[in-house]
Amino acid sequence: MEYRRFGDTLVIRMDPGEEIVAGIAYIAEKENISLANVSGLGALNYMETGLFDTTEKKFIGHEYEEALEVTSLTGTITRQDKEPYLHLHMSAGKAEGTVVGGHLKKAVVSATAEIVVREIDGEVGRRFDPEIGLNIFEF
């Protein structure tokens, strides 16, 4: 993985075998990012996503171990208990042309991933909302 900073924007290249969520978390910690928007694309050979069931208040997970083309990576970086908190969603195309996705838990790069992290001047925290069952923005 390599990245460069251009003002408030970090441009990241991830290489085969690297894991996207861990890579972004590493950079968020290293660069002391408190608030940012994340976007990206690339190619994967493994992806774990989830869907939050609001009735049961639990994640329903899905794993894909095949060639996948990232059609969209989007999300935010905030802080919870002073640690980077990533909330990422990803959709990816399969060989037959269908698209799968959801809340991103893990994604392993097969060829490359191009990710842009744009810092936002400010700070937004996270707090657990027991009624919703999720960590939500705390202003």
Please give the direction-averaged projected area of the C-alpha convex hull for the chain, in square nanometres with one decimal.
-> 8.5
Computed helical MRE - 222 nm, the chain, DSSP H runs ≥ 4 contributing -39500 (n - 2.57), nearest 500 | -2500 deg cm²/dmol
Amide H contacts of residue 134 (H built 1.01 Å from N, under 5 Å, at least 5 apart or other chain) | 129
Using DSSP to define loop residues, name the GluC sites (Glu not before Pro) in the range 76-139 whose beta-carbon has at most 14 other beta-carbon atoms within 10 Å.
-> 96, 123, 131
Trypsin sites (Lys or Arg not before Pro) restricted to DSSP loop in the range 1-93 with at most 11 other C-beta within 10 Å = 82
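Any read-out appearing in this document is the output of simple, stated calculations on the displayed coordinates, not a laboratory observation. As the structure is a prediction and not an experimental result, all values here were calculated from the model. Note that each Cβ is placed from the backbone with ideal geometry, even for glycine, and that neighbours are counted across all protein chains shown.
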